[in-house]
Amino acid sequence: MLLSKNKIKYIRSLNEKKYRTEHGVFVAEGKKLVSDLLGNCRCQLLAGLPEVLQQIDSSLAEEIAEATSEELKKASQLKTAPQVIGIFYQPEYDIDKIELKDNLHLVLDGIQDPGNMGTIVRLADWFGIGHIFCSPDTADIFNSKTVQATMGAIARVKVHYLDIFDFLKKNRGLPVFGTFLEGDNIYQTELPESGFIVMGNEGKGISPDIQQRVTNKLLIPNYPADAQTSESLNVAVATAIVCSEFRRRKF
């Protein structure tokens, strides 16, 4: 099958959340990303250059469409046209079946930037964190920019959207960590192997209601301590530092 104008229009429409939600799908672009997702997420459509479709396991797709570079450019959301575009069904997970007690989890409170969101998912994948729990106002994991920023980590890290205040309250037996200017130095604080790490909004930090659920306040200190520095760290950078320190204690 060749990539039709209607299919191009369909792929382009998925740049908007309402259409992604309506069809229950998301877009992934590029050979590596599509390859990572094949086998982990159900694939509705693969559109790509004929030679590239032969190099990946395209048999896992419900529909395959050969396309020219110009057609892929018209369908793509990227500045540089990819060699293949995949439409995947949005995965659904049963939160009640997640083993929370003996694992480390990320909680995102109002993260807005798709790039930050995707990078945090990638960090979770790197540090062996399998689940991320997000407030409803956190950036959409299925936004095309977010999907690209995960660099394939979306195939392994499960992202959930829910009322995180109620979720943390329900699971109050586990420690909840958050970063604050008045927190305890993270490098001098005992850190467990399990619990929740809350990362807040880029501009406002952790919201007041979620702060009520934080049991352990941490500080990422600047160096030297009395130096004049930037007001804050990028949330993805802060997430990397915190996750790295938690995991470092295991070695």
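In the stretch 30-43, the residue that is surrounded by the fewest Cβ atoms within 10 Å (Cβ to Cβ) out of those that are touching a residue at least 60 places away in the same chain (Cβ under 8 Å) and of a type in the set (D, E, K, R) is LYS32.
For beta carbons closer than 8 Å, sequence separation of 6+ or different chains, a first residue in the stretch 2-27 that is without any contact (Cβ under 8 Å) to a residue 60 or more places away in the chain and farther than 15 Å from SER76 by Cα and a second that is assigned to a helix (DSSP H, G or I) and open to solvent by less than 50 Å² (accessible area, probe 1.4 Å), the qualifying pairs are TYR19/SER13. Going through (1) on the phi > 0 side of the Ramachandran plot; (2) surrounded by fewer than 21 Cβ atoms within 10 Å (Cβ to Cβ) one by one, LYS101 falls short only on (1). If the condition is being open to solvent by 20 Å² or more (accessible area, probe 1.4 Å), of a type in the set (A, V, I, L, M) and modelled with pLDDT under 95, then the stretch 150-173 contributes only MET151.
Here is a yes/no grid of residues against (1) part of a strand (DSSP E or B); (2) surrounded by 13 or more Cβ atoms within 10 Å (Cβ to Cβ); (3) among the hydroxyl-bearing types (Ser, Thr, Tyr):
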{"site": "LYS7", "(1), (2), (3)": "no, yes, no"}
{"site": "ARG12", "(1), (2), (3)": "no, yes, no"}
{"site": "GLU22", "(1), (2), (3)": "no, no, no"}
{"site": "ALA28", "(1), (2), (3)": "yes, yes, no"}
{"site": "LEU45", "(1), (2), (3)": "yes, yes, no"}
{"site": "ILE56", "(1), (2), (3)": "no, yes, no"}
{"site": "GLU71", "(1), (2), (3)": "no, yes, no"}
{"site": "ILE85", "(1), (2), (3)": "yes, yes, no"}
{"site": "GLU92", "(1), (2), (3)": "no, no, no"}
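Just need a number here: residues in the stretch 174-193 that are free of Cβ contacts under 8 Å to residues at least 60 places away in the same chain and open to solvent by 70 Å² or more (accessible area, probe 1.4 Å).
Going residue by residue through the stretch 174-193, those that are free of Cβ contacts under 8 Å to residues at least 60 places away in the same chain are 175, 178, 180-192.
After this cut, where a residue has to be open to solvent by 70 Å² or more (accessible area, probe 1.4 Å) as well, the list is 181-182, 184, 187-188, 190.
Total satisfying the criteria: 6.
Of the residues in the stretch 229-238, at least one is open to solvent by 40 Å² or more (accessible area, probe 1.4 Å), without any contact (Cβ under 8 Å) to a residue 40 or more places away in the chain and β-branched (Val, Ile, Thr).
The values are calculated or read from the model by the stated rules, or taken from the named source; none is laboratory data. Every value quoted in this text rests on a predicted model; they were computed, and no experiment measured them. Because the Cβ atoms are built from the backbone with ideal geometry, glycine has one as well, and the counts that use them run over all protein chains shown. Calculation scope for accessible area: heavy atoms of the full protein, side chains included, ligands and nucleic acids excluded. Shrake-Rupley method; radii C 1.70, N 1.55, O 1.52, S 1.80 Å.
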